[in-house]
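Undergrad: Here it is, the structure, as structure tokens.
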Amino acid sequence: MTIEERISNCTRCRLYKNRTNAVPGEGTYDGEIVFIGEGPGKKEDELGRPFVGRAGELLDELLFVAGLKREDVFITNVVKCRPPDNRDPRKDEKKACLPYLRKQLEMIKPRVICTLGNHATSHFLGSGGISKKHGKVFEKDGLTIVPLYHPAAALYNPNLKEVMEEDFKFIKNKILT
Ligand code: URA
């Protein structure tokens with residue numbers, strides 16, 4: 001079974017009960033960079049694809065700023081099934097789902113992991129502080145992590161969009177060159 005099939009058939013935590021589709025992630029396994037969000041939302045659950053709602057439209061714009069297309073990167077989430085009513089994923093759900101993310105990172109071996117928002121960031125770097133950590137480079141357990149604001153945050157706070165654009169330019173000019 002492929003990893004996508006394993007994720008799509010997964011019953012390791014309660015989130016499978018309400019899902020329409022699991023969202024394993026998509027993009028290239030041969031790229032240099034992986035983007036990791038928190039978990040699928042309503043549209044992602046409907047389509048089985050990551051970041052296809054409004055936050056995804058913004059992510060596409062930001063990828064463009066970095067000179068990237070979706071097919072150049074891999075996009076996934078900490079949890080692969082939608083938490084009901086978009087609540088935060090629980091600790092046990094994240095723990096149950098973690099082996100899939102680990103396996104994906106093992107397969108891709110990205111040069112850089114961009115965590116989108118506090119959830120994904122705290123998973124790698126400990127809790128809190130996205131406002132201080134965003135746009136900086138962290139080395140942890142042999143991985144290079146660049147925390148970024150979650151695109152959904154800029155939908156609520158348009159001032160953040162400019163900050164995010166700067167961070168994506170930083171990725172283009174300082175990380176990927
Ligand atoms: N938000 C996320 O964190 N992930 C998605 O896939 C979509 C929205």
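Undergrad: Let me check something: with ligands and nucleic acids excluded, how do 12, 19, 6 order by accessible area (1.4 Å probe), largest to smallest?
TA: Result of the area sort, largest leading: 12, 6, 19.
Undergrad: If each residue of separation counts as 0.36 nm, what is the full-extension length gain between residue 42 and residue 11 once their alpha-carbon separation is subtracted?
TA: Here the answer is 9.2 nm.
Undergrad: With θ set to phi - 60° and the Karplus curve 6.51 cos²θ - 1.76 cosθ + 1.60, what are the ³J(HN,Hα) couplings of the range 97-109 in order, to the nearest whole Hz, using x for Gly and Pro?
TA: Once θ is set to phi - 60°, the couplings for the range 97-109 become 8, 3, x, 5, 5, 4, 5, 4, 5, 4, 6, 7, 6 Hz.
Undergrad: Continuing with this model, one more query. How would 20, 28 line up by accessible area, probe 1.4 Å, largest first?
TA: 20, 28
Undergrad: Can you compute the label reach from residue 174? Point 7 Å from Cα along the Cβ direction, backbone N cut-off under 18 Å, restricted to the range 104-126.
TA: 111-117
Undergrad: Right, next: Taking 0.36 nm per intervening residue step and subtracting the Cα-Cα distance, what contour gain separates residue 137 from residue 3 on full extension?
TA: 45.4 nm
Undergrad: Leaving out ligands, DNA and RNA, and with a 1.4 Å probe, what % of the accessible surface on the range 19-157 is carbon or sulfur?
TA: 50 percent
Undergrad: Taking a probe of 1.4 angstrom, what is the accessible area of residue 169 in Å², to the nearest 10?
TA: Rounded to the nearest 10, that gives 90 Å².
Undergrad: Calculate the FRET efficiency for residue 64 and residue 111 from the Cβ-Cβ distance with a Förster distance of 25 Å, rounded to the nearest 0.05.
TA: 0.80
Undergrad: Give me the 1.4 Å probe accessible area per residue for the range 17-106, excluding ligands and nucleic acids, in Å².
TA: Dividing the accessible area of the range 17-106 by its residue count gives 48 Å².
Undergrad: When a/c reaches 1.5 or more, the comparison of a/b and b/c decides; with that in mind, is the range 5-156 rounded, prolate or oblate per its Cα gyration tensor?
TA: rounded
Undergrad: Right, another one. Could you give the angle, 0 to 90 degrees to the nearest 10, between helix 54-65's Cα long axis and the longest principal axis of the Cα atoms of the chain?
TA: Relative to the chain, helix 54-65 is tipped by roughly 40 degrees.
Undergrad: Calculate how steeply helix 159-170 sits against the longest principal axis of the alpha-carbon atoms of the chain, using the helix alpha-carbon long axis, and give the answer as 0 to 90 degrees to the nearest 10.
TA: The two axes meet at around 80 degrees.
Undergrad: Still on this structure, please answer the following. Over the chain, what is the relative contact order in percent, taking alpha-carbon pairs closer than 8 angstrom and at least six residues apart?
TA: It rounds to 24 percent for the chain.
The values are calculated or read from the model by the stated rules, or taken from the named source; none is laboratory data. Nothing here was measured: the structure is a model prediction, and the numbers come from that model. Cβ sites come from the backbone with ideal geometry, for glycine too, and all protein chains shown count toward neighbours. The area values use the complete protein model at the heavy-atom level, side chains included, leaving out ligands, DNA and RNA. Shrake-Rupley method; radii C 1.70, N 1.55, O 1.52, S 1.80 Å.
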